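The values are calculated or read from the model by the stated rules, or taken from the named source; none is laboratory data. Keep in mind the model is a prediction, meaning the values are calculated, not measured. Quick reminder, even Gly has a Cβ in these numbers, built from the backbone with ideal geometry, and neighbours come from all protein chains shown.
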């Protein structure tokens, strides 16, 4: 058949196990399952968002406003940029797709960290580009600068903070990287978890209007899937110079965001109480996981996100531990596919975390 | 900057004017505006769908089930195919995008009708492919067969029925085209409006399980945006051999459908009363437009969709007519950008159609 040859070697992204599947596979009641595998907001959906969705339901038959006027206006006020500096995607994922498609072909090189968000590589491969990785999984400025100089890539992704590890470069380190990269090379700052990072440590804060004023080759990405609790509605955004945004918009399919999602995102931006509670719960409960790790001699990565990564010694196998937790109705992310004997746990509610740690503890004592 | 050169010449799709924009531009109350420009369902959103959306609202924080188990199961029952024969896209648009991306590059050729859905060409250009058009806007089997033989394209789109003209090939004509095309060439049957066609005339009916059993190179596309009244929620589907679907799935981004949209589509499939009412209203009101056209000596295309195309003689300019209607709060689609002195009107409710025809009549008598 007429399909491109290279597609044969492509793999799809493997999503976290949804609750429905665990219900089917293990016969556990949905109510008894704790899913802390996809960094969803443990406080659920904000009441303001629920209200907005219900109100918009009757308009499902209408195509969405493709100009996304209201949401862009709200974002432009929040980030103090013009609406022509903003593109909205079906998750920041889709903007990553546009960027890579707009830049990469067979001869292109994309520089990323050794362990980072899987979609950079997947979209790079869709366009037959080569992926270059730094030596460390944790972002290190010197490694990015060295690899940039060595390979002269067309595109660089900095994941700030980094998923699935949780580490985050300081702002001055990010600027040091940007200062050593040529203006011909696009640099993407994937800030999906940035709000968690800056809440914990002001030194991590990246401000998109400052960044795009200083660096014409930088694209800032944000998402509504994490802090705002809209993982299911697929809304993310990119901020860059109007010239970059105009180019990316050429690859944006019409109506890429549902009208329900547009209204939900608008409501989510306004619900400051919900986001503050989320940030507070996250920091407080993160400390519980850190305490547990220290007490049990588990290595962990200092996290600036809403998840924590536990790295195990040879005595514990992360796949077996993940299976054990799954059988007990707890879904977390095993990082074996990233080449690590580690698990990533989304920080849940106090009650959820207590149960997760109880079962990890049980497993370790067997 | 490092963007691909050919992007400079790309244009974006121009969406129909949303009601919000007419409110802003003309100061007309939203309640007084009739939008019959995007072939949305004039009966609005089905009550079952509204209920399903409201019920799912609280789950907005969860990522969608990426296996789309429930919706695929419902579609596989309806169309009597396996779930591995189904791919779900954010509108059938997105599946068109996957198909073209999977097949086309600079040296590829895509055969389409002279006047048809704009996205075929837009996505072809995203992949630098050439577009070959038949001579007629209306689909003609002989023209497709001749152009296929002359150009040996990699991909053919049949729009059944055809948007924005409304014409539809008979099933036996479609089979005649498929019989003369090599198995190396993928043929897409875009059946976004098929339910309207088969309701009017059984000779138009294309059955996906029959088609994919007979032709291993054919992809059938359907949508929830028209008959099912879910234009705002972006759900479409493709049916083909498991081998084709597996290939297309490699290009499908994870979580490409929102969880709200998945539940809404499932509810829409079940609401047979709503779809029957939609079909009945459409056929009845279509006749009102046809009568009007005949009485006023306006040429129209016999339509198998939920819209009708009026073609004007030199005495009437479609752009001026469209402007006149807009100022009176009526949004229809001017087909000047398709090189036609014509307008496309979505068949509305009895009340809406009456007002539209009143204003067209007023304009013609000026």
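Looking only at residues of the range B:275-300 that are out of contact with any strand residue (DSSP E or B) (no Cβ under 9 Å at 6 or more places or on another chain) and surrounded by 22 or more Cβ atoms within 10 Å (Cβ to Cβ), we find that the one that is farthest from residue B:317 (Cα to Cα) is B:278. Selection within the range A:1-17: residues that are more than 8 Å from chain B (Cβ to nearest Cβ) and surrounded by fewer than 16 Cβ atoms within 10 Å (Cβ to Cβ). The member of this set that is modelled with the lowest pLDDT is A:14.
When residue A:185 is tested against (1) within 11 Å of another protein chain (Cβ to nearest Cβ); (2) within 26 Å of residue B:254 (Cα to Cα); (3) in contact with a strand residue (DSSP E or B) (Cβ under 9 Å, 6 or more places away or on another chain), only condition (2) is not met. The numbered conditions (1) within 19 Å of residue A:195 (Cα to Cα); (2) within 14 Å of chain B (Cβ to nearest Cβ) are all true for residue A:78 except (2). For the range A:268-299, the set of residues classified as farther than 26 Å from residue A:222 by Cβ and in contact with a helix residue (DSSP H, G or I) (Cβ under 7 Å, 6 or more places away or on another chain) consists of A:288, A:292, A:296, listed by residue number.
Whether any residue in the range A:18-41 is surrounded by fewer than 18 Cβ atoms within 10 Å (Cβ to Cβ) and under 22 Å from residue A:235 (Cβ atoms) is what I want to check. No: the range A:18-41 contains no residue that is surrounded by fewer than 18 Cβ atoms within 10 Å (Cβ to Cβ) and under 22 Å from residue A:235 (Cβ atoms). Go through the residues of the range A:200-211 one by one and say whether even a single one is within 16 Å of the chain's Cα centre (by Cα), away from every other protein chain (no Cβ under 14 Å) and closer than 24 Å to residue A:121 by Cβ. Yes, the range A:200-211 contains at least one residue that is within 16 Å of the chain's Cα centre (by Cα), away from every other protein chain (no Cβ under 14 Å) and closer than 24 Å to residue A:121 by Cβ. Which one is surrounded by the most Cβ atoms within 10 Å (Cβ to Cβ) among residues in the range B:159-189 that are touching a residue at least 40 places away in the same chain (Cβ under 8 Å) and in contact with a helix residue (DSSP H, G or I) (Cβ under 7 Å, 6 or more places away or on another chain)? Checking each candidate, the answer is B:168. Does the range B:227-241 contain at least one residue that is within 14 Å of chain A (Cβ to nearest Cβ), surrounded by fewer than 21 Cβ atoms within 10 Å (Cβ to Cβ) and either in contact with a strand residue (DSSP E or B) (Cβ under 9 Å, 6 or more places away or on another chain) or farther than 30 Å from residue A:56 by Cα (or both)? Yes, because at least one residue in the range B:227-241 is within 14 Å of chain A (Cβ to nearest Cβ), surrounded by fewer than 21 Cβ atoms within 10 Å (Cβ to Cβ) and either in contact with a strand residue (DSSP E or B) (Cβ under 9 Å, 6 or more places away or on another chain) or farther than 30 Å from residue A:56 by Cα (or both). Looking across A:203, A:246, A:264, one residue alone is closer than 30 Å to residue B:56 by Cβ and touching a helix residue (DSSP H, G or I) at 6+ places or on another chain (Cβ under 8 Å). It is A:264. Could you list all residues from the range A:286-317 that are touching a residue at least 60 places away in the same chain (Cβ under 8 Å) and farther than 18 Å from residue A:228 by Cα? Listed by number, the residues that qualify are A:286, A:288, A:289, A:292, A:296, A:301, A:302, A:303, A:308, A:309.
Tell me which residues, restricted to the range B:22-67, are part of a helix (DSSP H, G or I) and under 22 Å from residue B:325 (Cα atoms). Result: B:22, B:23, B:24, B:25, B:26, B:30, B:31, B:32. Scanning the range A:216-226 for residues that are under 19 Å from residue A:184 (Cα atoms) and within 12 Å of chain B (Cβ to nearest Cβ) returns A:216, A:217, A:218, A:219. Considering each of A:248, A:227, A:189 in turn, give the residue that is assigned to a strand (DSSP E or B) and in the same structural domain as residue A:159 (by TED's automatic domain parsing). Result of the check over A:248, A:227, A:189: A:189.
Count of the range A:255-303 residues, restricted to those that are closer than 24 Å to residue A:45 by Cβ, part of a loop (DSSP other than H, G, I, E, B) and more than 14 Å from chain B (Cβ to nearest Cβ), is 1. Whenever a residue of the range A:117-138 is touching a residue at least 40 places away in the same chain (Cβ under 8 Å), its partners that are surrounded by fewer than 17 Cβ atoms within 10 Å (Cβ to Cβ) and in a loop (DSSP other than H, G, I, E, B), lying with C-beta atoms within less than 7 angstrom and at least six residues away or across chains, give the pairs A:118/A:13; A:119/A:13; A:122/A:13; A:125/A:10; A:128/A:105; A:128/A:106; A:137/A:114. Only a single criterion out of (1) more than 20 Å from residue A:233 (Cβ to Cβ); (2) outside any helix (DSSP H, G or I); (3) touching a residue at least 40 places away in the same chain (Cβ under 8 Å) is not satisfied by residue B:220, namely (3). A count restricted to the range A:107-136 and to residues that are buried (at least 23 other Cβ atoms within 10 Å of the Cβ) and part of a strand (DSSP E or B) stands at 3. Within the range A:20-37, the residues that satisfy the criterion of being facing chain B (nearest Cβ under 8 Å) and either modelled with pLDDT under 85 or more than 22 Å from the chain's Cα centre (by Cα) (or both) are A:20, A:21. Go through the residues of the range A:141-150 one by one and say whether even a single one is at pLDDT 95 or above and within 14 Å of another protein chain (Cβ to nearest Cβ). Yes, the conditions are met somewhere in the range A:141-150. All but one of (1) in a loop (DSSP other than H, G, I, E, B); (2) modelled with pLDDT of 95 or more hold for residue A:315; state the number of the condition that does not hold. Condition (2) is where residue A:315 drops out.
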